[in-house]
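Here is the structure we will look at.
The values are calculated or read from the model by the stated rules, or taken from the named source; none is laboratory data. Keep in mind the model is a prediction, meaning the values are calculated, not measured. Here the Cβ positions follow ideal geometry from the backbone for every residue, glycine too, while neighbour counts run over all protein chains shown. Areas reflect the complete protein model, heavy atoms only, side chains present, ligands, DNA and RNA absent. Shrake-Rupley method; radii C 1.70, N 1.55, O 1.52, S 1.80 Å.
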Amino acid sequence: MDIFHDNPMLTGVRQMLGAFAKQSIRPIAVKHDRDESMPWDLMKMAQGFGMTQTAVVDGRKALTGKDEDGESGNAKKPASQARIGVAGSEELAYGCAGICLAIGGSGLAASPVSRMGNEEQKQEFRKLLKGDDEKGHIKVAAMALSEPSTGSDISGLSTTARPDGDHFVINGHKQWITNGASAAVYVVWANTDPTAGRAGVRGFIVGRGTPGLVPGRKETKLGIRASETAQVHFEDCRVHKDMMLGVGQSSEGLSDTKKMLDSTRPMVGAQAVGIARAAFEYLVERVQGGTMQGTPMANHQRVAFELAEMEMEIQAARALVHKAAWMADHHMDNVRMASIAKAYGAKVAQDVTSRALTLLGEEALESGHPVEKWYRDAKIYDIFEGTGQIQRRIIARSIFGVNPT
Amino acid sequence: MDFALDDEQTLIAQTVRRFVDKDVRAWAADADRAGAAPPRLSAVGGDLGFFLDAVPEASGGLLDGPYSHLRRALRGLELGRGCAGMAAVLETNVEPALAVGRWGSAAAREALFASLAGGGLATTARDARGTLDVTRDGDGLRITGKIGPVPALATASHVLLAARTGDEPVLALVATAGARREAVATSGWRAAAWGSLVLEATAVPASMVLARGAAAADAITEVLTWYKVSLAARATGVATAGMEHARKYADERIQFGKPIGTFESLIRLRDDADTGAAAVRLMALHAAWLADRVVDGPTRAAAHDAASRARVLAGDVVDRATVDAVQILGGYGFVNDYPVEKLMRDARAFAQLLGDERFDRILAVRAQQGA
């Protein structure tokens, strides 16, 4: 087992993205949190490094048309994409989780295109993302899956795609969509055959400006405020059938989507670890320079043991996300471990930031205090990409074979 | 032992509950967005007896006998259900008014009560970490450093300050006029007019020093007891509000073919929050009952110990309950269309104000051990 091996490539990713997080993300994080604005300039810079438009893990290579396994030349040969993904995700979220998601948000849409799209669709996707928009911003993509009445239970999608000649006509409302208001291209999930249940759910590539595609209201959120979240409406939106993903493949409809979500969970867990580590390091610095009742803070068990507890939790969470990623890289079924890593990472991020706030006291009540911001950012990791309850359901089902209610 | 409320206590709780349900909850979201309480809060709150209930009648207030911390805790339970920020404004005058009434000089009483009777606010701060430089200046004090962030300090005319000069505790009333004041934007309690006060060798005359030495230690213990009881009660209200919203949502939201409130995991989240709130409610009321009966050192220590325990648990319970309320609402909980994300932000101050309560408890035990 080599998950603890000091792989030079992983070390390089950590060093490069860690430096990027400290030098470029941290200085602007509070501003974009306060303004609830996307860091477009930074995103352009990140694009130059190959971090946007595609998933940090596999999207960029996949979108070139080369399959991951094909690139390695042997489907059985271990890859390293997932481990690079978790190492990079931790570093970016260490800088700012909202900016991390702004940088990587397009990858949510790129992933199904790379997995299920044919060459024509990949070219169309790339074309729609090429260049800058009228504001000079890089173009971003959005994956439109969740709906107002469909959060955890994605099998209840109500958006429909009705066949009409060479087109599908999409109707429905999407909610909590990353990049939903600004995207140049959307991958929207809709049911093409309500009688087919989950198997009828398909993804469609829809360009901005397509009649009937209406970007909706941007949400004001508790945290990750540098990442845009918005509603998207589809009102008789006609999309050519060639833009339906999974054609000619043995697609399992919604199940493909769920597999895709499974694959991102280690990275999401790693982002939570990044937030926890940020709060931990901030607190260590404060404790090292501080006194309580005339003695160094670090000499007090009340403080020092709290930090020791945080360190235990962070190390455990990091080990879990790396194990889940290592299993993915070795082509092993990691569904249970990915859920464990995601759920535990979310728990640790919330615990560590909450404890840090209590120890910091009144100084950390101010809006924009880094730990106060990280506390707000941490909460989403127990909600999106499958809530903590959904992760426990997956884990329990893998143990007992049934869905507990 | 009788756990039932008497008629007067019931009337207070019902009156404040009506005020909260009719007005405070309706104002809460706008006040949070604006970072300020609505101007109507002063008038409506004043009509209900807030702001002046701890000011003696002879000085233009409403207090004509012993102050009841039990009644205050009962109203705090309700205020917390409405808005923690507005609750902080409505309750901010109590500690300064009671302290000055008990230990203040004629000059201090006149200065503070005239301000409060004229519609002014006062607030309370504790230099828990000893970061202020407080030195003797004759019989007065000279203070350098920053107080805050503290609720209501952006507008308050006076700060009741608990601090130390070297090894000697002092309790003083500090006028804010002339000192540099900074409004502070906070994440929670945004309606509470938070502020900081920067003191640069600011002189506090002897007439404004309420107590020093052993007398100050006792006085500070009592002030903190009052404040912590009120915080625990208000925190319980915030936790209760979180679960009220979560329960309503969970009963209506259908996932996997049934209301999410019927899933065992969510029943447990709600039940744990309700259990915690029930425990803190009793602890806060018990601490308030003890605070109303302080007559000597042992009763003072018992009241503070009860208040401190209530405040520790309240901080944990309100944090957990509001985080879980957001969890139950899921994606809706994370956006500000629903009130629970505000409650989660509001919850934090209950554990962060006045210093680290758990560390205080360690110090209290050490003192008992003679260490």
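Couple of notes before you dig in:
- Test result for residue B:224, out of contact with any Lys or Arg (no Cβ under 9 Å at 6 or more places or on another chain), open to solvent by less than 40 Å² (accessible area, probe 1.4 Å) and farther than 21 Å from residue B:21 by Cα: no
- Some residue of the stretch B:229-244 being over 23 Å from the mean Cα position of the chain (by Cα) and either more than 30 Å from residue B:297 (Cα to Cα) or part of a helix (DSSP H, G or I) (or both): no
- Residues in the stretch A:5-34 that are of a type in the set (Asp, Glu) and surrounded by 12 or more Cβ atoms within 10 Å (Cβ to Cβ): 1 in all.
- Condition met for residue B:177 (part of a helix (DSSP H, G or I) and either modelled with pLDDT under 95 or away from chain A (no Cβ under 13 Å) (or both)): no
- The stretch B:180-213, subset assigned to a helix (DSSP H, G or I) and more than 22 Å from residue B:109 (Cα to Cα), residue nearest to the chain's Cα centre (by Cα): B:192
- Some residue of the stretch A:368-389 being among the acidic types (Asp, Glu), closer than 18 Å to residue B:190 by Cα and surrounded by fewer than 24 Cβ atoms within 10 Å (Cβ to Cβ): no
- Out of B:108, B:156, B:152, one residue alone is among the small types (Gly, Ala, Ser), in contact with a Ser or Thr (Cβ under 9 Å, 6 or more places away or on another chain) and outside any loop (DSSP other than H, G, I, E, B). It is B:108.
- Among the conditions (1) over 20 Å from residue A:308 (Cα atoms); (2) facing chain B (nearest Cβ under 8 Å); (3) modelled with pLDDT of 95 or more, residue A:357 misses just one, which is (1).
- Counting only strands (runs of 3 or more DSSP E) that fall entirely inside the stretch A:72-182 and contain at least 2 residues that are away from chain B (no Cβ under 14 Å) and of a type outside the set (Gly, Ala, Ser), the qualifying elements are A:160-164, A:167-178.
- Scanning the stretch A:290-339 for residues that are hydroxyl-bearing (Ser, Thr, Tyr) and in a helix (DSSP H, G or I) returns a single hit, A:339.
- Counting only residues that are closer than 18 Å to residue A:302 by Cα and either more than 7 Å from chain A (Cβ to nearest Cβ) or out of contact with any His (no Cβ under 9 Å at 6 or more places or on another chain) (or both), the stretch B:316-367 holds 16 of them.
- Considering residues of the stretch A:183-223 that are assigned to a loop (DSSP other than H, G, I, E, B) and without any contact (Cβ under 8 Å) to a residue 12 or more places away in the chain only, the residue nearest to the chain's Cα centre (by Cα): A:209
- From the list B:14, B:9, the one residue that fits, being over 24 Å from residue B:149 (Cβ atoms) and buried (at least 16 other Cβ atoms within 10 Å of the Cβ), is B:9.
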